[in-house]
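S.K.: The structure's right below; bear with me while I get my questions together.
Taken together, the values in this text are just the output of simple stated rules run on the coordinates, not laboratory data. Owing to the predicted nature of the structure, the values given are computational and were not obtained by experimental measurement. Here the Cβ is made from the backbone with ideal geometry for all residues, glycine too, and neighbour counts use every protein chain on show.
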Amino acid sequence: MNCIFCEIREYILENELCYAIYDKYPVNKGHMLIITKRHVKDYFDTTNEEKIDIMDLIDKCKVMLDDKYSPDGYNIGINCGEHAGQTVMHLHTHIIPRYKGDIENP
Ligand code: 5GP
Ligand code: ZN
């Protein structure tokens, strides 16, 4: 099975069951992904232990990103299934720093 997230070996942060990296195509400065070390299709296939480690890395990414970029807020989200916008079929949680004024008003 070819899975890009199973092949990543260089992590920015990690704990026992998950790792965090920067998104290759960031939608905003500091966009990161938290990824299970085990190949899991989506959030609903995770164990409780994996859920705890995802939450733990969300908190640790926030501390790091606050320090590095001082964003004004965050979006945290998971796309589950191709019809919900999931393009890599290995669970990943997006943590996206937001900056005041980064939404263009029409
Ligand atoms: P999805 O649309 O499945 O929720 O998000 C997939 C994310 O993975 C996208 O934000 C995309 O930019 C990111 N991505 C795709 N390929 C790679 C890669 O090879 N490395 C990294 N770091 N991110 C990737
Ligand atoms: Zn995988």
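S.K.: So, His90, is that one touching a residue at least 24 places away in the same chain (Cβ under 8 Å) and within 11 Å of ligand 1 (Cβ to nearest atom) or not? Spell out the reasoning first.
M.R.: Values: touching a residue at least 24 places away in the same chain (Cβ under 8 Å): yes; within 11 Å of ligand 1 (Cβ to nearest atom): yes.
Spelling it out, His90 is indeed touching a residue at least 24 places away in the same chain (Cβ under 8 Å) and within 11 Å of ligand 1 (Cβ to nearest atom).
S.K.: Being touching a residue at least 12 places away in the same chain (Cβ under 8 Å), within 12 Å of ligand 1 (Cβ to nearest atom) and either under 29 Å from Lys100 (Cβ atoms) or under 11 Å from the mean Cα position of the chain (by Cα) (or both) is the requirement here; does Ile8 meet it? Write out each step before concluding.
M.R.: Numbers: touching a residue at least 12 places away in the same chain (Cβ under 8 Å): yes; within 12 Å of ligand 1 (Cβ to nearest atom): yes; either under 29 Å from Lys100 (Cβ atoms) or under 11 Å from the mean Cα position of the chain (by Cα) (or both): no.
No; evaluated as a whole, the condition is false for this residue.
S.K.: Applying the selection to region 24-34, what residues are within 16 Å of ligand 2 (Cβ to nearest atom), farther than 18 Å from Gly81 by Cβ and surrounded by 14 or more Cβ atoms within 10 Å (Cβ to Cβ)?
M.R.: First, the residues of region 24-34 that are within 16 Å of ligand 2 (Cβ to nearest atom): 24, 33-34.
Pick out the ones that are also farther than 18 Å from Gly81 by Cβ and you get 24, 34.
Selection gives Ile34 alone.
S.K.: Got a number for residues in region 49-78 being touching a residue at least 24 places away in the same chain (Cβ under 8 Å) and within 23 Å of Asp102 (Cα to Cα)?
M.R.: The number of residues fulfilling the criteria is 12.
S.K.: Can you name the condition, by its number, that Lys37 falls short on among (1) closer than 18 Å to Asn75 by Cβ; (2) surrounded by 13 or more Cβ atoms within 10 Å (Cβ to Cβ)?
M.R.: (1)
S.K.: Of everything in region 3-19 that's touching a helix residue (DSSP H, G or I) at 6+ places or on another chain (Cβ under 7 Å) and within 15 Å of ligand 2 (Cβ to nearest atom), which residue is farthest from Gly73 (Cα to Cα)? Lay out the reasoning, then the answer.
M.R.: Here is the first cut: in region 3-19, the ones touching a helix residue (DSSP H, G or I) at 6+ places or on another chain (Cβ under 7 Å) are 13, 15-18.
Among the residues that remain, those that are also within 15 Å of ligand 2 (Cβ to nearest atom) are: 17-18.
Working: Leu17: 26, Cys18: 23 Å.
Step by step, filter region 3-19, then rank; the result is Leu17.
S.K.: Picking from Lys100, Lys51, Lys62, Lys41, which residue would you name as being in contact with a helix residue (DSSP H, G or I) (Cβ under 9 Å, 6 or more places away or on another chain) and of a type outside the set (Gly, Ala, Ser)?
M.R.: Working: Lys100 fails: in contact with a helix residue (DSSP H, G or I) (Cβ under 9 Å, 6 or more places away or on another chain); Lys62 fails: in contact with a helix residue (DSSP H, G or I) (Cβ under 9 Å, 6 or more places away or on another chain); Lys41 fails: in contact with a helix residue (DSSP H, G or I) (Cβ under 9 Å, 6 or more places away or on another chain).
So the residue among Lys100, Lys51, Lys62, Lys41 that is in contact with a helix residue (DSSP H, G or I) (Cβ under 9 Å, 6 or more places away or on another chain) and of a type outside the set (Gly, Ala, Ser) is Lys51.
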